[in-house]
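I have placed the structure first, in the form of C-alpha cells, so that the comments after it can refer back to it.
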Amino acid sequence: MSIPITTARRLIELACHAPSAHNTQPWLWQIDGDEIRLYADRRRHLPLEDPDGRNLTISCGAALHHLQFAARALGWVSDVTLLPSAAEPNLLAVVRLERGEPSPQPVNDLAALRRRCTDRRRFTSWPVPPEVLDRLAEEAREWDVRATPVVDLVARFRLELLTSDASALRELDEEAVQEQALWVNRGGSEGVPLAVLPNSEAADVLERPGRFGPGLVPETRAPVDGGDGVIVLGGVADDPIGWLRTGAGLSALWLRATRDGLSVVPLSLPVEVEATRAQMTEKVLEGAFVPHLAVRIGWQAIGRTGLPRTPRRGLDDVLIA
Ligand SMILES: Cc1cc2nc3c(=O)[nH]c(=O)nc-3n(C[C@H](O)[C@H](O)[C@H](O)COP(=O)(O)O)c2cc1C
C-alpha cells in the first residue's frame, strides 16, 4: 500500500526539525510510492571544517531518525536500508513505510520533536546523575551506536584539555573559521541566528565568528563545565554507515532528554580537529571505539524563557520531484 502523499510530506516536514551542524540542513528527500528516500545535499557541506562529511552525515542520520520517530507516533512502521547503493553514495537511506500501531504517547512525542532545540545557555550546577546519563547512552545504543558517558575525573579532564587544544588549533585555521562564519546570522531559512546565541551582542559574535567563539557561547565560558554531563558517541570505524547510526543515536538520545526536561548541546570541535580526534580515542575512550561526536547534557534553570526557533527550509526546497 502506498503511503498517502500528504502523510509522506508531513513526515518529512517533521524530520526536518532535526538538528544539523550549523543548521545547514544538508538533506534532500524523495517520495516514491511507499518509499521515502534520503539524499545528502552536498551543496551544504563545509569542506574545511568537515572534510570527510562526518557532521553532514550525522545530521542526515538525525533527520532519518526524526522521520522514523514521527512515523511511529503517527502509526507507521518503517523499514530502513542504509546506503543501499555503492554506485549512489549520496543516497543515504531508503525508508519503506507500512501501517502499524501509533506510539503510546503520540501527542507528547510529536511535541518533544517540535520542542527539541540547542539551548547553549549555561546549565545550572545541578549535576546530571550517572544513572540518567546511562539511560540516555542506552537510548542511543538502541541504534547500533557506541555511546559512553564520560564520568571518570581523569577522562573528563583530558576531554576538557583536548577541547581547549582543538579550539586553539581551529582559531589558527583562518579559512575554516571564515567558512563557519558564513553560517552564523545568515538570515532566511538556514544557519544559526544571533537570537539563539545567549549573551551574544551582535558585535561580539561577529568579531569571533568561528563556531560562536571557542565552540561555545560566551555565557558557557569553559568548553566543558564541571557539572555538565558528557556522552561521547561513535562507532567501530569512522565511516558513513557509522555516522548515520551516530546521527540516529544522537536524535534518540536528544528526544529522550527533551521529554525528561534535560538540555543537550553537541560539542563537535574536538572530533573535527584531526589531532585531537586521535587523542580522544586514546586518552578519553581508551581505545574502546572511534568518536564521532560528543554532547554536553545538563539542566536549564526552571522558568527560563524559551529560545526562538532556528529556521528551517521550506518543504518544497528539500523535496526532489
Ligand atoms: C553533527 C552536529 C554537530 C554540531 N556541533 C555543534 C557544536 O559544536 N556546537 C554547538 O553549539 N552546536 C552544535 N550543533 C547544533 C547545531 O548548531 C543545531 O542543531 C542547529 O543550529 C539547529 O538548531 P536546533 O538544534 O536548535 O534546531 C551540532 C549539531 C549537529 C547535528
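Highest average first, the peptides 105-114, 119-128 ordered by how many other beta carbon atoms sit within 10 Å of their residues are 119-128, 105-114. Take the chain, mark every one of the GluC sites (Glu not before Pro) that falls in a DSSP loop and has at most 15 other Cβ within 10 Å, then report the longest stretch left between them, sites excluded. Longest stretch, sites excluded: 1-141.
Would you mind classifying segment 1-140 by shape? Square roots of the alpha carbon gyration tensor eigenvalues, ordered a ≥ b ≥ c; an a/c under 1.5 is rounded, otherwise it is prolate if a/b is larger than b/c and oblate if not. Oblate, since a/c reaches 1.5 and b/c is not below a/b.
Overall, the anisotropy analysis places the chain in the rounded class: the square-rooted eigenvalues a ≥ b ≥ c of its C-alpha gyration tensor yield a/c less than 1.5. Rounded to the nearest 500, the helix-only mean residue ellipticity at 222 nm of the chain stands at -11500 deg cm²/dmol, with each DSSP H run of n ≥ 4 adding -39,500 (n - 2.57).
Across the options 123, 140, 302, the greatest Cα extent toward the positive end of the charge dipole of the chain (unit charges at beta carbon of Lys, Arg, Asp, Glu) belongs to 302. Let me know the shape class of segment 85-186, please: from the alpha-carbon gyration tensor, a ≥ b ≥ c as square roots of the eigenvalues, rounded when a/c is under 1.5, otherwise prolate if a/b is greater than b/c, or oblate. In terms of gyration-tensor shape, oblate.
Here, each number is a calculation from the coordinates, and none is a lab measurement. Bear in mind the structure is a predicted one, so any value in this text is a computation, not a measurement. Heads up, the Cβs are rebuilt from the backbone with ideal geometry, glycines too, and the neighbour counts pull from every protein chain shown.
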